[in-house]
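Colleague: Below are the structure tokens for one structure; questions will follow.
Just so you know, all these numbers are worked out from the coordinates, no wet-lab data involved. Computed from a predicted structure; not experimentally measured. Backbone-built Cβ (ideal geometry, glycine too); neighbour counts: all protein chains shown.
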Amino acid sequence: MAYGFGVVGCGMIARFHARAIEETRGAKLVACYDSFASAADRLADEEGIRGYHDLADMLADPDVDVVTICTPSGAHMEPAVAAARAGKHVVVEKPLEITLKRCDRIIAACKKNKVTLSTIFPSRFHESSVEMKRAIDDGRFGKLTVGDAYVKWYRSQEYYDSGAWRGTWELDGGGALMNQAIHSVDLLTWLMGPVREIRAQVATLAHKRIAVEDTAVATIEFANGALGVIEASTATYPGYLKRIEIHGSQGTAVMEEEDIKTWDFATKSRRDAVVRRKMQASRSTGGGASDPAAIGHHGHAAQFRDVLRAIKTRKRPAIDGVEGRRSVEIILAIYKAAETGRAVKLPLASDPVLKARRRRS
């Protein structure tokens with residue numbers, strides 16, 4: 001049986017979903033919808049699928065079993081909840097949503113209607129990421145001491161000017177952190193574990209006509225006692241590959257995009273040579289460092305396979321709604337810490353209301 005997929009939102013990222021679905025055994029792209037009819041028609045023509053101009057019509061299509069949400073970040077909740085109520089399984093492109101309340105409404109709707117929910121974070125499925133996670137779980141790092149994420153990318157002013165939603169609190173939900181670095185925030189906390197406390201500074205240094213940050217630096221205290229740094233920017237020309245560094249009392253590993261650059265442990269393993277040889281030349285794309293379209297879809301395909309496994313077995317997918325919510329909470333805590341100038345403890349009691357948002361309302 002092939003599960004039929006319908007895409008909501010027919011912009012750039014929808015093309016990556018389409019490629020990934022086509023390469024996923026047991027999946028078939030059958031429909032798409034966009035509030036702009038011309039966008040839906042264009043993708044439908046490209047893919048040879050049905051293009052809908054009304055979301056309710058697509059959700060009534062009996063061939064659609066799974067809906068993937070590819071709208072702007074702050075417009076994820078409405079179609080996700082509608083899909084769940086229609087009995088469709090739901091896959092949401094990162095971030096799950098831009099506030100905790102909106103994340104929770106998606107999670108609740110999917111739970112109530114007994115459909116699978118997954119948040120897209122393809123970096124977790126890269127082989128190098130899996131190797132690092134395995135080494136942590138096996139205790140090879142000893143006591144985890146430092147975990148860092150660096151996302152020093154570049155986006156031109158034209159990038160932000162190309163869409164009215166870009167660089168806004170209302171639909172982007174934030175800047176370099178919420179839109180670009182959220183992949184690394186998710187990956188870092190998947191590897192290092194929960195965050196206990198955050199201090200931060202953010203700024204808009206190089207771009208005009210945006211309400212959100214293009215540069216951010218946060219210091220992190222993890223629940224296990226380790227410390228770390230998250231750096232995010234879209235103002236570092238020409239843009240560099242994202243980097244994750246994990247350090248412990250007995251080992252260090254450094255990953256740049258999909259390449260493992262450093263793999264050093266006090267206690268050696270026969271597998272170490274394989275990891276160094278295979279994972280030091282695994283990068284296949286520019287990682288979106290300077291071009292948002294310069295990413296691969298292989299991580300998406302791996303995640304869609306996981307989603308189908310979860311649907312068939314009625315088990316939790318690797319990255320469900322709760323997992324997707326976590327990175328949103330951390331980023332909101334960074335914004336709150338930067339605005340207040342004080343340390344912010346997690347979990348958050350509620351959604352922070354930022355002054356920048358109030359000024360625009």
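Colleague: At most 10 other Cβ atoms within 10 Å and a DSSP loop assignment: could you name the trypsin sites (Lys or Arg not before Pro) in the range 15-114 that fit?
Modeller: Here the sparse-neighbourhood loop sites are Arg25, Lys114.
Colleague: Further, regarding this structure: At a Cα cut-off below 23 Å, give the lysines reachable from Lys355, other chains included and same-chain residues fewer than 8 away excluded.
Modeller: Within the straight-line cut-off, Lys355 pairs with Lys101, Lys208, Lys336, Lys345.
Colleague: Which of the lysines could a cross-linker bridge to Lys261, judged by Cα under 23 Å and excluding same-chain residues fewer than eight apart?
Modeller: Output for Lys261: Lys133, Lys143, Lys152, Lys242, Lys278.
Colleague: Can you pull out the trypsin sites (Lys or Arg not before Pro) in the range 168-238 that DSSP calls coil and that have at most 16 other Cβ atoms within 10 Å?
Modeller: Those satisfying the criteria are Lys208, Arg209.
Colleague: Also: Under 15 Å from a point 7 Å along the Cα-to-Cβ line of Leu227: which residues of the range 176-212 have their amide N that close?
Modeller: Once the point is set 7 Å along Cα→Cβ of Leu227, 196-200 turn out to lie under 15 Å by backbone N, inside the range 176-212.
Colleague: Quick one: of the DSSP bridges fully inside the chain, what percent are antiparallel, nearest 5?
Modeller: Antiparallel: roughly 55 percent of the beta bridges in the chain.
Colleague: Going by amide H atoms built from the backbone, whose H comes under 5 Å of the H on Arg196, apart from near neighbours?
Modeller: Amide H neighbours of Arg196, under 5 Å, 5+ apart: Glu221, Phe222, Ala223.
Colleague: Please report, in Å, the Rg and the Dmax of the chain, where both are computed over Cα atoms only.
Modeller: 20.0, 59
Colleague: Over the chain, with a Gaussian network built from C-alpha contacts below 10 Å, which listed residue (Gly239, Gly174, Gly193) shows the highest mean-square fluctuation?
Modeller: Maximum fluctuation in the GNM of the chain, among the listed residues, is at Gly193.
Colleague: Would you be so kind as to identify all helices of the chain, as entire DSSP H runs, whose Cα atoms reach 20 Å or more along the helix's own axis and whose mean Kyte-Doolittle hydropathy is at least -0.5?
Modeller: 298-313, 321-340
Colleague: Which one, Ala135, Ala83, Ala273, has the greatest fluctuation when you compute a Gaussian network model over the chain with C-alpha springs under 10 angstrom?
Modeller: Sorting by GNM fluctuation, first place goes to Ala273.
Colleague: Sticking with this structure for a sec: Assign one of three labels to the range 201-284, namely rounded, prolate or oblate, based on the Cα gyration tensor with a ≥ b ≥ c the square roots of its eigenvalues; rounded applies when a/c is under 1.5, prolate when it is not and a/b is larger than b/c, and oblate otherwise.
Modeller: Numbers: a/c = 4.78, a/b = 1.71, b/c = 2.80.
Verdict is oblate for the range 201-284.
Colleague: Same structure again: Express in whole angstrom the spacing between the alpha-carbon centres of the range 34-52 and the range 138-171.
Modeller: Answer, in whole Å: 30.
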